[in-house]
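J.: Sending over a structure as structure tokens; questions will come in a sec.
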Amino acid sequence: MSVVEAVSAQSTASENLTGGAYRDAMHRWLHANLPAGFRSDSAAFAPPTLQQSIAWEAAMYRAGLTGIIWPQAYGGHGRSLREHLIANQEIGRLAMPESVNSIGKELAGPIILAVGTEEQKRRFLPAILEMRNIWCQGFSEPEAGSDLAGLRTRATRGDGGWRINGQKIWTSGAYRSQRCLVLARTGTLEDRHRGLAMFAVPLDAKGVRVRTIKSIDGRESFCEVFFDEVEVAQQDAIGAPDEGWAAAIRVLEIERATNRMYRAWRFENELRHLISACKADPALSAMVADRHYAVRLGEVAVEIEVLKAHVETAVEALVNGDKIGARGSLAKLHWSESHQRFAALALELLSQASLPQNPAIKVARRRFEAIYLQARAETIYAGTTEIQLGIIADRILQLSRGK
Amino acid sequence: MSMAEGLQPDEFAATAARAVTACAGLDVREQAHNLAGDGLLGVIADEQVGGLALPLGFAVPVIAAAHSGLLTFPLLETVLVARSLQSSLTRLAAAIVSGKTLTTIAWQGEALAAREGGLLVLNGMVARAPCAASVDYILARMSGGAAALVPTDADGVVVEEAAGLDLTVPEHTVRLEKVEVSIGSILPAGTWDLLNSDANVLRAAAILGSAEACLALAQEHASTRRQFGHALSYNQAIRHALARQKLGLESIRHAITRSLSEGGGPVQRDAAFLAAVTYGSSIGEGALQIHGGMGFTWDVPVHRHLRRIRTLQAQGDASGLINAFGRRYVSEVAPFAEAGA
């Protein structure tokens with residue numbers, strides 16, 4: 001019996017469950033099923049293969065840990081946003097691998113739920129949750145990074161469908177994906193945000209070419225994707241032309257505030273791991289007991305508490321029917337910059353470890369060196385820091401631009 | 001039915017703002033009378049002493065409005081003392097709630113106590129007591145987290161002006177020289193920790209009020225001041241600076257909300273205060289910078305808020321608290337062991 005079945009057996013209405021019972025069920029399942037080798041705070045850690053990740057995430061779905069708030073009609077578990085938060089807190093507390101299908105679960109899926117046809121919802125959504133389809137995001141282009149209004153990939157009407165030509169870049173995980181959520185222009189470049197349409201392009205279609213790009217952490221995760229006369233069926237157009245993008249923006253605003261909701265609790269897991277490693281080392285154990293580093297670690301802990309406050313406030317606002325609007329930019333700005341500060345502190349501490357290095361320091365260095373490098377991308381992807389600041393200035397403060 | 005049913009904390013913000021405005025130009029006793037009339041001195045005190053018996057969260061918008069409006073009254077201290085005395089010194093608590101008796105808290109230092117017959121004799125120096133020269137009683141910390149309520153007119157109590165940043169609610173130092181107080185004036189061990197934990201939330205609220213005022217002033221100035229043919233807010237550097245201030249402001253607000261939520265405890269309360277200190281001082285200093293030379297003038301009130309924020313930082317001993325916060329975190333984590341990893 002899955003966790004969801006077990007919990008559902010107590011009550012068919014999730015609102016009637018106590019948060020404690022739901023949390024306990026999620027906690028127990030994760031601790032019983034997460035392989036030790038998947039935990040980056042373990043000496044046994046070995047990055048899972050793609051097939052292992054797919055199997056793990058499919059198991060998480062069956063256990064009720066993904067697709068939590070999606071409707072049951074489309075494979076979701078139909079639970080509340082508060083339960084989604086509880087599950088994510090438990091996910092965050094373990095050093096588990098990042099999803100290989102986060103674009104499917106946190107971007108494509110919600111957009112399809114918002115603007116997709118009934119047929120698309122039934123075709124795409126269960127496949128995302130069951131990990132039969134991995135998605136990537138085809139928004140950025142060489143000439144359109146932060147400014148998506150400048151994108152040039154074109155979609156033209158073809159025989160009963162569309163023909164796509166152009167190039168996407170910084171497309172994380174395209175090499176392992178079955179579908180790409182492509183933003184393409186149906187009008188002219190002068191139309192800016194008007195005339196943009198979205199498509200669920202199968203990456204095995206004729207004319208699609210994927211090339212990986214090596215990133216600063218040595219991985220080859222993000223890609224360039226080339227579209228050369230790629231034919232896309234009408235049934236793979238997401239939302240109406242001119243309307244899809246506006247709807248997607250509304251979804252993206254909510255997603256910015258709520259995606260990877262486990263982040264604060266994962267950062268806390270990282271902080272606890274860092275401290276535990278330091279306490280296993282003669283030199284570092286003295287340092288973290290010293291006022292200087294106690295204060296700096298305290299500052300990191302406060303920033304994590306603030307991030308939790310942003311997340312929980314956003315959840316309560318959504319539960320109460322409030323609009324999130326541009327407020328997601330506040331949380332994004334906070335977590336991305338505070339995580340970079342934390343990662344830099346972790347490197348600074350670990351660089352002062354005693355010799356010979358004990359296993360605890362080896363494990364921590366492996367994890368935090370990767371985190372440090374990957375965190376440099378966090379103020380760039382999903383809207384750079386500068387874009388977030390602009391959104392806050394324009395849409396929250398509504399600062400005048402007038403002369 | 002409790003008073004809280006059907007009420008929302010935010011509903012108190014408008015009342016508090018109006019009351020603060022009405023206090024302008026009045027002396028401390030007149031302000032107490034006015035604030036008591038609006039029910040603000042007893043917002044968290046029991047009904048039996050004339051209070052509203054509302055949860056701490058209802059004091060948050062009141063304190064924020066008081067600081068946003070630069071109220072020259074020790075409101076934060078008054079609401080906390082009134083509640084602290086409601087069980088043991090009921091009549092005095094009622095007098096505080098009604099505005100007839102004025103009180104404050106000395107946030108720094110400890111009074112040393114020795115028992116002599118049925119009395120306690122207090123000695124020592126306590127400090128960071130807002131408006132101590134104008135009040136009837138001072139609550140001072142004692143060893144073990146107990147607290148003593150000291151009448152300011154008692155023999156041996158010397159209240160002295162202290163050099164401090166805050167112009168609006170000036171701090172005083174209090175020397176205690178063989179001051180005799182009754183045993184009944186002593187609040188038991190543990191009082192201070194509870195008081196200070198609640199004070200951390202209210203200090204964060206106070207900083208929120210001041211930070212809101214600073215950001216509003218900065219935003220107004222950036223929108224109306226023209227340089228190089230444009231409003232200041234036309235420049236990206238100014239826009240981004242204000243956006244960062246807004247992030248800080250909302251971070252304070254959310255941290256306070258979380259500290260008062262079902263899962264909020266001492267960690268969340270300390271975090272709210274520490275976040276407020278960090279972001280609040282940054283907002284105050286940033287607002288001053290955006291005003292340019294105007295910001296450095298006496299007449300622009302940003303400096304008054306900044307002075308208050310820095311004073312609240314000291315009253316709450318933010319430096320000691322962040323050290324303790326980090327140490328507590330470190331002490332709770334076991335050394336790395338594979339089984340427990």
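The values are calculated or read from the model by the stated rules, or taken from the named source; none is laboratory data. All values reported here derive from a predicted model rather than from experimental measurement. Virtual Cβ from ideal backbone geometry, glycine too; neighbours counted across all protein chains shown.
J.: Got a sec? Which of B:Ala64, B:Ala95, B:Ala22 is buried (at least 24 other Cβ atoms within 10 Å of the Cβ), outside the structural domain of B:Gly280 (by TED's automatic domain parsing) and either over 28 Å from B:Gly284 (Cα atoms) or modelled with pLDDT of 95 or more (or both)?
T.: Values: B:Ala95 fails: buried (at least 24 other Cβ atoms within 10 Å of the Cβ); B:Ala22 fails: buried (at least 24 other Cβ atoms within 10 Å of the Cβ).
Selected residue: B:Ala64, the only one of B:Ala64, B:Ala95, B:Ala22 that is buried (at least 24 other Cβ atoms within 10 Å of the Cβ), outside the structural domain of B:Gly280 (by TED's automatic domain parsing) and either over 28 Å from B:Gly284 (Cα atoms) or modelled with pLDDT of 95 or more (or both).
J.: Is it the case that some residue within region B:177-200 is closer than 25 Å to B:Asp10 by Cα, crowded, with 20+ Cβ neighbours inside 10 Å and of a type in the set (Asp, Glu)? I'd like the intermediate steps shown before the answer.
T.: Here is the first cut: in region B:177-200, the ones closer than 25 Å to B:Asp10 by Cα are B:194-200.
With crowded, with 20+ Cβ neighbours inside 10 Å added as a condition, the list becomes B:195-196, B:199-200.
Remaining after also requiring of a type in the set (Asp, Glu): none.
Within region B:177-200 (the criterion being closer than 25 Å to B:Asp10 by Cα, crowded, with 20+ Cβ neighbours inside 10 Å and of a type in the set (Asp, Glu)), the answer is no, since none of the residues qualifies.
J.: Which of the residues spanning region A:35-50 are of a type in the set (A, V, I, L, M, F, W, C), part of a loop (DSSP other than H, G, I, E, B) and touching a Phe, Trp or Tyr at 6+ places or on another chain (Cβ under 8 Å)? Full working, then the answer.
T.: Kept after step one, since they are of a type in the set (A, V, I, L, M, F, W, C), are these residues of region A:35-50: A:36, A:38, A:43-46, A:50.
If we keep only those that are part of a loop (DSSP other than H, G, I, E, B) too, we end up with A:43-46.
Scanning region A:35-50 gives a single hit, A:Phe45.
J.: Among the residues of region A:126-173, what is the count of those that are among the β-branched types (Val, Ile, Thr) and closer than 15 Å to A:Arg209 by Cα? Full working, then the answer.
T.: Step one: filter region A:126-173 for residues among the β-branched types (Val, Ile, Thr), giving A:128, A:134, A:153, A:156, A:164, A:169, A:171.
Still in the list and also closer than 15 Å to A:Arg209 by Cα: A:153, A:164, A:169, A:171.
Looking only at that region, the number is 4.
J.: Then there's this: Within the bounds of region A:114-122, is there any residue that is assigned to a strand (DSSP E or B) and surrounded by 17 or more Cβ atoms within 10 Å (Cβ to Cβ)? Full working, then the answer.
T.: Quick first cut of region A:114-122, residues assigned to a strand (DSSP E or B) only: none.
Looking for residues that are assigned to a strand (DSSP E or B) and surrounded by 17 or more Cβ atoms within 10 Å (Cβ to Cβ), one finds none in region A:114-122, hence no.
J.: State whether one or more residues within region A:60-80 are aromatic (Phe, Trp, Tyr), at pLDDT below 95 and within 29 Å of A:Thr384 (Cα to Cα). Outline the logic, then answer.
T.: So in region A:60-80, the residues aromatic (Phe, Trp, Tyr) come out as A:61, A:70, A:74.
Narrowing the set further to residues that are at pLDDT below 95 leaves none.
Scanning region A:60-80 turns up no residue that is aromatic (Phe, Trp, Tyr), at pLDDT below 95 and within 29 Å of A:Thr384 (Cα to Cα).
J.: Is it the case that region B:264-287 has a residue that's assigned by TED's automatic domain parsing to the domain that holds B:Arg226, over 22 Å from A:Ala309 (Cβ atoms) and surrounded by 22 or more Cβ atoms within 10 Å (Cβ to Cβ)?
T.: Scanning region B:264-287, I find at least one residue that is assigned by TED's automatic domain parsing to the domain that holds B:Arg226, over 22 Å from A:Ala309 (Cβ atoms) and surrounded by 22 or more Cβ atoms within 10 Å (Cβ to Cβ), so the answer is yes.
J.: Another question, if that's okay. Across region A:329-387, what is the number of residues that are within 14 Å of another protein chain (Cβ to nearest Cβ) and not in a helix (DSSP H, G or I)?
T.: 7
J.: Kindly indicate whether any position in region A:278-296 is within 27 Å of the chain's Cα centre (by Cα), in contact (Cβ under 8 Å) with a residue 12 or more places away in the chain, assigned to a helix (DSSP H, G or I) and not assigned by TED's automatic domain parsing to the domain that holds A:Asn88.
T.: Step one: filter region A:278-296 for residues within 27 Å of the chain's Cα centre (by Cα), giving none.
No; the residues of region A:278-296 include none that is within 27 Å of the chain's Cα centre (by Cα), in contact (Cβ under 8 Å) with a residue 12 or more places away in the chain, assigned to a helix (DSSP H, G or I) and not assigned by TED's automatic domain parsing to the domain that holds A:Asn88.
J.: A further question follows. Based on this model, can you work out whether B:Gln289 counts as more than 14 Å from chain A (Cβ to nearest Cβ), touching a residue at least 24 places away in the same chain (Cβ under 8 Å) and in contact with a Phe, Trp or Tyr (Cβ under 9 Å, 6 or more places away or on another chain)? Talk me through it step by step, then tell me what you get.
T.: Values: more than 14 Å from chain A (Cβ to nearest Cβ): yes; touching a residue at least 24 places away in the same chain (Cβ under 8 Å): yes; in contact with a Phe, Trp or Tyr (Cβ under 9 Å, 6 or more places away or on another chain): no.
Taking the combined requirement at face value, the residue does not satisfy it.
J.: Every residue in region B:239-271 that is more than 8 Å from every other protein chain (Cβ to nearest Cβ), hydrophobic (A, V, I, L, M, F, W, C) and more than 13 Å from B:Ala211 (Cβ to Cβ), please.
T.: Those that are more than 8 Å from every other protein chain (Cβ to nearest Cβ), hydrophobic (A, V, I, L, M, F, W, C) and more than 13 Å from B:Ala211 (Cβ to Cβ): B:Ala241, B:Leu260.
J.: Looking at this structure, is B:Gly51 touching a residue at least 40 places away in the same chain (Cβ under 8 Å), crowded, with 20+ Cβ neighbours inside 10 Å, in a loop (DSSP other than H, G, I, E, B) and not basic (Lys, Arg)? Can you show your working first?
T.: Working: touching a residue at least 40 places away in the same chain (Cβ under 8 Å): yes; crowded, with 20+ Cβ neighbours inside 10 Å: yes; in a loop (DSSP other than H, G, I, E, B): yes; not basic (Lys, Arg): yes.
Answer is yes for this residue.
J.: Are there helices (runs of 4 or more DSSP H) fully within region B:265-341 with at least 3 residues that are within 20 Å of the chain's Cα centre (by Cα), under 30 Å from A:Cys278 (Cβ atoms) and of a type outside the set (A, V, I, L, M)? List them.
T.: On the way: elements: B:266-290, B:302-315, B:318-332.
By residue number, B:266-290, B:318-332.
J.: When you check A:Ala127 against the structure, is it assigned to a helix (DSSP H, G or I) and either under 25 Å from the mean Cα position of the chain (by Cα) or outside the structural domain of A:Ala55 (by TED's automatic domain parsing) (or both), yes or no? Give the derivation first.
T.: On the way: assigned to a helix (DSSP H, G or I): yes; either under 25 Å from the mean Cα position of the chain (by Cα) or outside the structural domain of A:Ala55 (by TED's automatic domain parsing) (or both): yes.
Yes; evaluated as a whole, the condition is true for this residue.
J.: What residue, among those in region A:196-243 that are among the small types (Gly, Ala, Ser) and not in a strand (DSSP E or B), is farthest from A:Arg157 (Cα to Cα)?
T.: Taking the candidates together, the pick is A:Gly218.
J.: A further question follows. Go through the residues of region B:66-73 one by one and say whether even a single one is in contact with a helix residue (DSSP H, G or I) (Cβ under 7 Å, 6 or more places away or on another chain), part of a helix (DSSP H, G or I) and hydroxyl-bearing (Ser, Thr, Tyr).
T.: Scanning region B:66-73 turns up at least one residue that is in contact with a helix residue (DSSP H, G or I) (Cβ under 7 Å, 6 or more places away or on another chain), part of a helix (DSSP H, G or I) and hydroxyl-bearing (Ser, Thr, Tyr).
J.: Among the listed residues B:Gln236, B:Gln245, identify the single one that is surrounded by 15 or more Cβ atoms within 10 Å (Cβ to Cβ), within 30 Å of A:Ala314 (Cβ to Cβ) and either of a type outside the set (A, V, I, L, M, F, W, C) or modelled with pLDDT under 95 (or both). Lay out the reasoning, then the answer.
T.: Values: B:Gln236 fails: surrounded by 15 or more Cβ atoms within 10 Å (Cβ to Cβ).
Going through B:Gln236, B:Gln245 in turn, just one is surrounded by 15 or more Cβ atoms within 10 Å (Cβ to Cβ), within 30 Å of A:Ala314 (Cβ to Cβ) and either of a type outside the set (A, V, I, L, M, F, W, C) or modelled with pLDDT under 95 (or both): B:Gln245.
J.: Identify the single condition in (1) over 18 Å from A:Thr258 (Cβ atoms); (2) buried (at least 20 other Cβ atoms within 10 Å of the Cβ) that A:Thr66 does not satisfy, given that it satisfies every other one.
T.: Only one criterion is unmet by A:Thr66, namely (1).
J.: Give me the pairs: first residue in region B:311-324 and surrounded by 16 or more Cβ atoms within 10 Å (Cβ to Cβ), second residue among the polar types (S, T, N, Q) and assigned to a helix (DSSP H, G or I), beta-carbon distance under 7 Å, and six or more apart or on different chains, which are they?
T.: That search, which allows pairs on different chains as well, returns B:Gln313/B:Ser281; B:Gly316/B:Asn200.
J.: Scan region A:250-265 and tell me whether some residue there is modelled with pLDDT under 95, touching a helix residue (DSSP H, G or I) at 6+ places or on another chain (Cβ under 9 Å), under 18 Å from B:Pro335 (Cα atoms) and not aromatic (Phe, Trp, Tyr).
T.: Checking region A:250-265: not a single residue is modelled with pLDDT under 95, touching a helix residue (DSSP H, G or I) at 6+ places or on another chain (Cβ under 9 Å), under 18 Å from B:Pro335 (Cα atoms) and not aromatic (Phe, Trp, Tyr).
J.: It is to be established whether one or more residues within region A:80-101 are in contact with a strand residue (DSSP E or B) (Cβ under 8 Å, 6 or more places away or on another chain) and not assigned by TED's automatic domain parsing to the domain that holds A:Ala364.
T.: Our first condition is that a residue be in contact with a strand residue (DSSP E or B) (Cβ under 8 Å, 6 or more places away or on another chain); within region A:80-101, this holds for A:101.
If we keep only those that are not assigned by TED's automatic domain parsing to the domain that holds A:Ala364 as well, we get A:101.
For region A:80-101, residues in contact with a strand residue (DSSP E or B) (Cβ under 8 Å, 6 or more places away or on another chain) and not assigned by TED's automatic domain parsing to the domain that holds A:Ala364: present.
J.: Anything in region B:223-233 that is in contact with a helix residue (DSSP H, G or I) (Cβ under 9 Å, 6 or more places away or on another chain) and facing chain A (nearest Cβ under 7 Å)? List them, or say none. Even if it seems obvious, please write down each step before you answer.
T.: Filtering region B:223-233 down to residues in contact with a helix residue (DSSP H, G or I) (Cβ under 9 Å, 6 or more places away or on another chain) leaves B:223-228, B:231-233.
Selection gives B:Ser223, B:Ala231, B:Ser233.
J.: With at pLDDT below 95 and either within 16 Å of B:Pro188 (Cβ to Cβ) or assigned by TED's automatic domain parsing to the domain that holds B:Leu26 (or both) as the only criterion, which of B:Gly145, B:Gly118, B:Gly164 stands out? Don't jump to the end; show me each part of the working.
T.: Numbers: B:Gly118 fails: either within 16 Å of B:Pro188 (Cβ to Cβ) or assigned by TED's automatic domain parsing to the domain that holds B:Leu26 (or both); B:Gly164 fails: either within 16 Å of B:Pro188 (Cβ to Cβ) or assigned by TED's automatic domain parsing to the domain that holds B:Leu26 (or both).
None of the other options fit; the residue is B:Gly145.
J.: Here is a follow-up. Of the residues A:Lys308, A:Lys323, only one is free of Cβ contacts under 8 Å to residues at least 24 places away in the same chain and either within 9 Å of another protein chain (Cβ to nearest Cβ) or under 30 Å from A:Val251 (Cα atoms) (or both); which?
T.: Values: A:Lys308 fails: free of Cβ contacts under 8 Å to residues at least 24 places away in the same chain.
Of A:Lys308, A:Lys323, the one residue that is free of Cβ contacts under 8 Å to residues at least 24 places away in the same chain and either within 9 Å of another protein chain (Cβ to nearest Cβ) or under 30 Å from A:Val251 (Cα atoms) (or both) is A:Lys323.
J.: Something else about it: Which members of region A:391-403 meet the condition of being surrounded by 15 or more Cβ atoms within 10 Å (Cβ to Cβ) and at the interface with another protein chain (Cβ under 7 Å from one of its Cβ atoms)?
T.: Once the filter is applied, which keeps residues that are surrounded by 15 or more Cβ atoms within 10 Å (Cβ to Cβ) and at the interface with another protein chain (Cβ under 7 Å from one of its Cβ atoms), region A:391-403 yields A:Ile392, A:Ala393, A:Ile396, A:Leu397, A:Leu399, A:Ser400.
J.: Follow-up. Taking only region A:21-42 into account, find how many residues are without any contact (Cβ under 8 Å) to a residue 60 or more places away in the chain and in contact with a Lys or Arg (Cβ under 6 Å, 6 or more places away or on another chain).
T.: We begin by selecting, within region A:21-42, every residue without any contact (Cβ under 8 Å) to a residue 60 or more places away in the chain; these are A:21, A:24-25, A:28-29, A:32-33, A:35-39.
Still in the list and also in contact with a Lys or Arg (Cβ under 6 Å, 6 or more places away or on another chain): none.
Final tally of qualifying residues: 0.
J.: Take the residues in region B:292-341 that are closer than 21 Å to B:Ala106 by Cα and among the polar types (S, T, N, Q); name whichever of them is farthest from the other protein chains (Cβ to nearest Cβ).
T.: Of everything passing the filter in region B:292-341, B:Thr311 is farthest from the other protein chains (Cβ to nearest Cβ).
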